[in-house]
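Structure first, then comments.
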Amino acid sequence: MSDQTGTHGLDTSGSMPRRQTRAVRVGDVYIGGSNPVVVQSMINEDTLDVDGCVKAIRELHEAGCEIVRLTVPSMAHAHAVGFIKQRLQETYRDVPLVADVHHNGMAIALEVAKHVDKVRINPGLYVFEKPDPTRTEYTPRDFQVAAAKLKETLRPLILSLKEQDKALRIGVNHGSLSERMLFTHGDTPEGMVESALECVRVCRELDFHNLVISMKASKVSVMMAAYRLLARRLDAEHMDYPLHLGVTEAGDGEYGRIKSSIGIGGLLAEGLGDTIRVSLTEHPLKEIPVCYSILQALGLRRTMVEYVACPSCGRTLFNIEEVLHVVRDATKHMPGLSIAVMGCIVNGPGEMADADYGYVGKSAGKISLYRGREEIRTVPESRGVAELIALMKEDGVWVDPPAPPGAAAGAPSDGNGSAAPIAAGGGGAEKRQTAGAT
Ligand code: SF4
């Protein structure tokens, strides 16, 4: 039969089916399954600075970061994590923590596994041997010997995590593949995937499945190719481990955010990814609003008001930029709502998407207010925002804004005037949804 729609099998429904994964518990948060995509970040304090770390972790958590990672380069740092966890439990709450262990970190990993909810290892560094500049080949036998060493080294950590019912992230980085992977597969997404699968198989042999896997690279194209290949390989072997998405070393500012949004958002739009971290060369608190914006834009989490606004043109009947700011200031405390601000009635009403409310230029000095696609009333522009609020009150939708400025100290702005995605204390409807999910 001919394809009269011209879609040639493309899914044009606009839906975004997610790859089916198992739920992996990290403290009181679950990654994967039917749970919302989890937001995480990493503090940059010295882990030996217990007070500093407790403060930084608490600030991140209050800003909406659901899992917090910290680096553990030595045994002293591993011990310090125990004090950090204890202090958090005593003074705040039991924030899910992840410990990052690196070069030859087996003993450190075993110690820190007692104190955290998840351990992250980098397969390229966990059993680390300095690259030999004189080496010209890696024979199958060399490869097997090194693989056996990795297996023996991983085994105690996996058994410990299994016994404690804790999680492991197999976190591959493009820039730190082992020498044998580079010899065998090259500096490629295939090498990254093989590096992860080798560790996955060790875990499976020990019947340990609390696994999350990541394939980070600073090049967006490499990172996306690696995750896609990994998902395909996992699915082919009926392995449903969740994926942690990130573009590593994304940099800062607008470009860092764009790189992260393309890499992370692109994969999420394909249905891949269960937890995300945006890595910016900025204060970690700045990462959280970016995560939430990516998730909100894809409709994966509703933590902010969704504003639909036209770019304006010669038909625009008011200063739309200014009005959008005023509307946002008045309504940004009502996450879940969708509000459109459109310049004219020619195209505005049709292009408001499925906004709950619309504020549309009607004629000079007049605007129309919409409930969904229904025009409700026309009012003078000077009363536009007040009348919009009045309409929401009539509908029983309006809620008064929270405490005045100062009460939500520590909550970051996304630089666009949007409120922090989750209020201080980790409250809010969205948050409760996460905590209650299994
Ligand atoms: S909605 Fe109207 S004012 Fe806005 S860009 Fe479209 S035509 Fe121009």
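Using only the alpha-carbon atoms, how far is helix 220-236 inclined from the longest principal axis of the chain? Give it as 0 to 90 degrees, nearest 10.
Rounded to the nearest ten degrees, it is 70.
Apply 1/(1 + (r/R0)^6) to the Cβ-Cβ distance of LYS366 and HIS333, taking R0 = 30 Å, and write down the FRET efficiency to the nearest 0.05.
Values: r = 28 Å, r/R0 = 0.92.
After rounding, the FRET efficiency stands at 0.60.
Would you give the gap between the C-alpha center of the range 150-223 and the C-alpha center of the range 279-332, rounded to a whole Å?
About 37 Å separates the Cα centre of the range 150-223 from the one of the range 279-332.
Quick one: grab the alpha carbon gyration tensor of the range 318-386, order the square roots of its eigenvalues as a ≥ b ≥ c, and give me rounded if a/c is under 1.5, else prolate or oblate depending on whether a/b is larger than b/c. Numbers along the way, then the final one.
Working: a/c = 1.59, a/b = 1.14, b/c = 1.40.
Oblate is the answer for the range 318-386, as a/c is 1.5 or above yet b/c matches or exceeds a/b.
What is the gain in length, in nm to one decimal, between VAL397 and GLU163 on full extension, counting 0.36 nm per residue of separation less the C-alpha to C-alpha distance? Walk me through the numbers before you get to the answer.
On the way: separation 234, 0.36 × 234 = 84.24 nm, distance 4.86 nm.
Additional length available on full extension: 79.4 nm.
Can you give the convex hull volume of the alpha carbon atoms of the range 267-396 per residue, in Å³? Please report the intermediate quantities before stating the final value.
Values: hull volume 18.0 nm³, N = 130.
Each residue corresponds to 139 Å³ of Cα convex hull volume.
Connecting C-alpha atoms closer than 10 Å in a GNM of the chain, tell me which of ASN319, ASN210, ASN44 has the biggest fluctuation.
Largest GNM mean-square fluctuation: ASN319.
Counting other C-beta atoms within 10 Å, which of HIS174, HIS333 has the fewest, and how do the rest follow? Before the final figure, lay out each step's value.
Details: HIS174 22, HIS333 15.
Ascending Cβ contact count within 10 Å gives the list HIS333, HIS174.
Return one number: the angle in degrees, 0 to 90 and rounded to the nearest 10, between the long axis of the Cα atoms of helix 140-164 and the longest principal axis of the Cα atoms of the chain.
Tilt relative to the chain: about 60 degrees.
Evaluate the relative contact order of the range 244-365 (contact order divided by residue number), counting alpha-carbon pairs under 8 angstrom at least 6 apart; express in whole percent. Please report the intermediate quantities before stating the final value.
On the way: 188 pairs, mean separation 24.1, N = 122.
Relative contact order comes out at 20 percent.
Test of understanding: in a Gaussian network model of the chain with alpha carbons linked when under 10 Å, which of GLU152, GLU190, GLU249 would top the mean-square fluctuation ranking?
Looking only at GLU152, GLU190, GLU249, the largest GNM fluctuation is found for GLU152.
Mind running the shape call on the range 119-234? Use the C-alpha gyration tensor, a ≥ b ≥ c as the square roots of the eigenvalues: rounded below 1.5 for a/c, prolate if a/b tops b/c, oblate otherwise.
Verdict is oblate for the range 119-234.
Extent of the range 1-142 along each principal axis, from alpha carbon coordinates, in Å, largest to smallest?
Principal axes ranked by extent give 69, 53, 23 Å for the Cα atoms.
Which of the lysines could a cross-linker bridge to LYS286, judged by Cα under 24 Å and excluding same-chain residues fewer than eight apart?
LYS55, LYS85, LYS118, LYS216, LYS219, LYS259, LYS332, LYS431
Note the angle between two axes, namely the Cα long axis of helix 189-205 and the longest principal axis of the Cα atoms of the chain, as a number of degrees from 0 to 90, rounded to the nearest 10.
Compared with the principal axis, the helix lies near 70 degrees.
Roughly speaking, what is the centre-to-centre gap between the range 56-113 and the range 253-277 when only Cα atoms are used, to the nearest Å?
Taking the Cα centre of the range 253-277 as reference, the centre of the range 56-113 is 25 Å away.
Rounded to the nearest 500 deg cm²/dmol, what is the calculated helix-only ellipticity per residue at 222 nm for the chain, with -39500 (n - 2.57) per DSSP H run of length n ≥ 4?
Values: 13 runs with 166 residues, N = 438.
Counting only the DSSP helices, I get -12000 deg cm²/dmol.
Counting only residues 5 or more places away or on other chains, whose amide H sits under 5 Å from the amide H of GLU306 once H atoms are built in the peptide plane?
GLY336, LEU337, SER338, ILE339
Each reported figure results from applying straightforward, stated rules to the coordinates on display, with no laboratory input. Model, not experiment: these values are computed from the prediction. Backbone-built Cβ (ideal geometry, glycine too); neighbour counts: all protein chains shown.
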